[in-house]
Amino acid sequence: MRHTLLVLAHPRSDSLTAQVAGHLQLRIKDAGDTLDLLDLYAEGFDPRLTPVDEPDWEDREKRYSPEVHAHMDRLAAADDILVVFPVWWYAPPAVVKGWIDRVWNYGFAYGRSRPRLAGKRMLWLGLAGGTDGDYGRTGLAGALDLQLRVGVSEFCGVAESSVRLLHGTELSGVPQALRPARVGEVLEAADAALDEHLPR
């Protein structure tokens, strides 16, 4: 049995991003595994870095805020980390960046000879409005992979990590009658990403 920390980053509970996260939550539980849903917006996570959570390069044992240590505990308890987010301005929402800034902190996620997050698996699952071709031609897919997989996961010792984008997720241009089918396609792509990158 594996334990997954599923991080959701969208302000609306009825968004396609939230639907994908809810769908994968059921998939993971149906496989007999346990899951901790961390809905950053619903839980009111504050992404702003203040002095209490700023790294102290001379003290890797620094005690951060109680909120941050609670999030660190949730990260440490997970075997798998799954972050589901919309791609805005070709990056995750600011709340995800703030979560990384505050929680993936010095002395916990990095700064030790033996990384505390080593051995975990991670999938960054982004919902992108543009096509695969658009992201490939511009190099934006590679930029996201470099930022998230290399710059965050691998830097913090999570060697088994990947970034997967679900393309064509902007539904405003899809006629109402066709939207359920399109949502179904997105959920199928999310299933495939989960099976490929975080097999149960």
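Counting protein heavy atoms only, segment 97-167 has 53 percent of its accessible area on carbon and sulfur, 1.4 angstrom probe. Model label sites at residue 1 and residue 13, defined 7 Å from Cα along the beta-carbon direction, differ in position by 2.7 nm. A 1.4 Å probe run over segment 133-200, with the rest of the protein chains in place, finds 53 Å² accessible per residue.
Peptides 69-75, 181-187, 159-165 ranked from most to least packed give 159-165, 69-75, 181-187, packing being the mean of other C-beta atoms within 10 angstrom over each peptide's residues. Calculated accessible area for segment 1-48 comes out at 48 Å² per residue, all protein chains present (probe 1.4 Å; ligands, DNA, RNA ignored). Calculated mean residue ellipticity, 222 nm, the chain: -10500 deg cm²/dmol, from DSSP H runs (n ≥ 4) at -39500 (n - 2.57) each, averaged per residue and rounded to 500.
Contact order for the chain, expressed relative to its length and based on alpha carbon pairs under 8 Å spaced 6+ residues apart, stands at 23 percent. In a reduced charge model with +1 at each Lys and Arg Cβ and -1 at each Asp and Glu Cβ, the chain shows a dipole moment near 140 debye about its Cα centre. Here the convex hull built on the C-alpha positions of segment 2-69 has a volume of 107 cubic angstrom per residue.
With Cα atoms defining each centre, segment 4-54 and segment 161-192 are spaced 19 Å apart in the structure.
Taking a straight line from the alpha carbon of residue 120, these aspartates and glutamates sit under 12 Å away, with near neighbours fewer than eight places off in the same chain left out: 79, 80, 154, 160.
A P(r) calculated from all alpha carbon pairs of segment 90-132, with 5 Å bins opening at zero, reads 5, 17, 19, 23, 17, 11, 6, 3, 0 percent.
Protection proxy ranking for 6-13, 109-116, using the average of other Cβ atoms within 10 Å per residue and placing the highest first: 6-13, 109-116.
In this label model, residue 46 and residue 58 are separated by 2.7 nm, measuring between points 7 Å along each Cα→Cβ vector. For residue 62, the lysines whose Cα falls under 23 Å of its own Cα, not counting residues fewer than eight places away in the same chain, are 97. Building the convex hull from the alpha-carbon atoms of the chain and averaging its projection over directions returns 11.5 nm². Placing +1 on the Cβ of every Lys and Arg and -1 on the Cβ of every Asp and Glu, with no other charges, gives segment 104-200 a dipole of roughly 540 debye about its Cα centre. Along the axis of the charge dipole computed for segment 54-176 (Cβ charges of +1 for Lys and Arg, -1 for Asp and Glu, origin at the Cα centre), the listed residues 143, 176, 158 are led at the positive end by 158.
Where a Cα-Cα gap under 12 Å defines reach, which aspartates and glutamates qualify for residue 29, not counting those fewer than 8 residues away within the same chain? List returned: none.
The values are calculated or read from the model by the stated rules, or taken from the named source; none is laboratory data. Worth saying up front: this structure is predicted, and the values here are computed from it rather than measured. Methodologically, a virtual Cβ is constructed for each residue, glycine included, from the backbone with ideal geometry; neighbour enumeration extends over all protein chains shown. The protein model used for the area step is the full one, side chains on, heavy atoms only, and it has no ligands, DNA or RNA in it. Shrake-Rupley method; radii C 1.70, N 1.55, O 1.52, S 1.80 Å.
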